[in-house]
Amino acid sequence: MKNHSVEMYNYHTWANQTIMGRIKELPSSVLSQEVNSSFPTIAHALSHIYTVDKMWYLVLTGTNMGEAVQACMSLMTSTFECVDAYANSFAQLSEQYQAWLKDQADLEQTILLDNPFAGSRHTRYSEIVGQVVNHGTYHRGNISTMLRQLGHASTMNDYMLFWYQEPLNHGE
């Protein structure tokens with residue numbers, strides 16, 4: 001039986017790889033080319049997605065959210081020079097998430113999430129995974145718009161396409 005949270009995280013990983021694959025096909029300058037959008041460059045958008053993914057991973061593995069935010073702050077403003085560096089960082093983090101997901105028996109277990117921006121609440125692990133996926137989807141949309149503003153086509157990375165691109169046993 002498929003676990004929905006694991007399936008969605010697998011989609012998130014696939015979609016990140018898909019958009020970075022598209023960026024790799026373009027001139028390397030596209031990563032740092034300035035654009036009037038949600039982020040000044042595509043590199044900044046990728047750094048943001050990675051930083052937030054890392055922060056939530058720290059929370060899932062037991063770090064207080066305030067401490068996780070502090071631990072990841074320096075990542076927020078740093079960018080890499082090439083897409084391969086992003087792809088490698090995302091791949092390493094995805095391996096960590098996959099190992100955690102495999103070891104986590106109950107994704108419906110709750111933790112007290114002390115969000116320094118919004119307050120405390122009991123939150124299920126599955127909700128956090130959903131937040132990671134939703135956040136990534138939102139910002140991959142920003143990247144698609146940025147690519148178009150820079151004169152390049154993006155690539156489809158919808159969840160529906162994931163169904164047809166992955167092996168039939170994904171998420172099982």
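Please treat every number below as a calculation from the coordinates, not as lab data. Keep in mind the model is a prediction, meaning the values are calculated, not measured. Because the Cβ atoms are built from the backbone with ideal geometry, glycine has one as well, and the counts that use them run over all protein chains shown.
Could you look through region 92-118, keep only residues that are free of Cβ contacts under 8 Å to residues at least 60 places away in the same chain and among the aromatic types (F, W, Y), and pick out the one that is surrounded by the fewest Cβ atoms within 10 Å (Cβ to Cβ)?
Applying the filter and picking the extreme gives F117.
Quick one: is L46 in a helix (DSSP H, G or I), within 14 Å of the chain's Cα centre (by Cα) and surrounded by fewer than 21 Cβ atoms within 10 Å (Cβ to Cβ)?
no
Looking at (1) in contact with a Pro (Cβ under 7 Å, 6 or more places away or on another chain); (2) touching a residue at least 24 places away in the same chain (Cβ under 8 Å), find the lone condition where E34 falls short.
All conditions pass for E34, except number (2).
Among the residues of region 44-79, write down those that are within 21 Å of N142 (Cβ to Cβ) and free of Cβ contacts under 8 Å to residues at least 40 places away in the same chain.
Result: H44, S47, T51, K54, M55, C72, M73, L75, M76, T77, S78.
Just to verify a result, which residue in region 89-116, among those that are hydrophobic (A, V, I, L, M, F, W, C) and over 20 Å from the mean Cα position of the chain (by Cα), is farthest from L58 (Cα to Cα)?
A105
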